[in-house]
Amino acid sequence: MIRSRLEVVIAPAFLIAVAATIMVPFVAIFSAALQPAGSIVRGVSWPAQPAWENFARAWTDGGFLSLFMSSAIVAVAVVIIGVLIASLAGYAMGTMTFRGRAVVLAVFLAGLTLPYEVVVVPLFYMFRPLGILDTYFALILPLLGLFMPFGVFWMRTHFDTVPKSLMEAGEIDGANHWQVFWRILMPTARPAIGTLALLFFLWSWNQYLLALILIQDASHRTAPAGLGQFITQHGKDVPLLAAGTIIVMIPVLIVFLIFQRQLIRGFLQGAVKE
């Protein structure tokens, strides 16, 4: 009884403390964005007259509409192509038996340890003679390659949990591998696919280093890279910088808040094996 009471009190208190700690930076940057333009920001304080016009000025000066368009093109392309390839490869790795399967899986798992900093410079010198620098392909192709190890591993884990009897029933009815994949397994994989698509979108949208190095053209620059350029231009105006930072964060927060249940459902499904 005492233990249960302690758990009832301590667990919520601990979670509230953690949530408050996480929220402090967001509250600080939001309060900074509402300070008068050009003012020196010290600590966290709510201004007497919030300067909401900082957001409008940041949106206009930073050209965030074009940046959002570029980020959306990259993120949507990575999600559609990445989820399709990861699903096909995950199906093969999770349900088929072939020679060298363990080696292929080990190669994919090794790709999870590859940091962006290792590949960005070789990619620059590889893409320059191909003429795809400063294009969306310069960002989409590396992101697909870097995300694919996790994507294949994620989908393979899901397909590995599908009851074998479900696939055998389809094969008995005369379905081939392609029909089993599309008509039987893909409908059951919706939570896993939704979670993977959400992760791919968030990772693509937040990518900064590759976008900074591989795309110098302002018309193709993404939101995080454009924010870096915005900081360079307005480095002393902290309220304006804070407003620009919040603008870039808004799409990610909206997507996460809308699909957070889908994300949790996908993680929970991947944690249970029948």
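Computed from the coordinates by the stated procedures, all read-outs in this text should not be read as laboratory data. The structure presented is a predicted model; accordingly, all values stated were derived computationally and were not measured. All Cβ positions, even for glycine, are placed from backbone atoms using ideal geometry, and neighbour counts span all protein chains on display.
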Over region 30-128, equivalent-ellipsoid semi-axes from the Cα gyration tensor in Å: 46, 17, 16
Tilt of helix 101-111 relative to the longest C-alpha principal axis of the chain, in degrees (0 to 90, nearest 10)? 0
Any chance you could give the angle, 0 to 90 degrees and rounded to 10, that helix 2-33 forms with the longest Cα principal axis of the chain? 50
Span from the region 195-226 Cα centroid across to the region 40-116 one, whole angstrom: 7
Highest to lowest packing among 176-182, 131-137, 187-193, 162-168, scored as the average C-beta count within 10 Å: 187-193, 131-137, 176-182, 162-168
Once you have the Cα-Cα distance between D160 and A20, take 0.36 nm times their residue separation minus that, and quote the gain in nm to one decimal. 46.5 nm
Computed from the beta carbon distance with a Förster radius of 25 Å, FRET efficiency for I80 and E171 to the nearest 0.05 stands at 0.30
Just rank R57, R101, fewest to most, by other beta-carbon atoms within 10 angstrom. R101, R57
Could you work out how far apart the two model spin labels at V104 and A48 are, taking each label as a point 7 Å from the Cα in the direction of the beta carbon, and quote it in nm? 6.9
Treat the chain as a sphere of radius equal to its Kirkwood radius over Cα pairs and apply Stokes-Einstein at 10 °C in a medium of 1.306 mPa s; give the translational diffusion coefficient in µm²/s, rounded to a whole number. 73
Rounded to 10°, Cα long-axis angle of helix 64-95 versus longest principal axis of the chain: 20
A51 long-range amide H proximity, modeled H, under 5 Å: Q35
Largest fluctuation, L141, L185, L130 only, Gaussian network model of the chain with Cα springs under 10 angstrom, belongs to L130
For region 89-223, just run the numbers: alpha carbon Rg, then divide by 2.2 N^0.38 Å, N being how many residues it has. 1.29
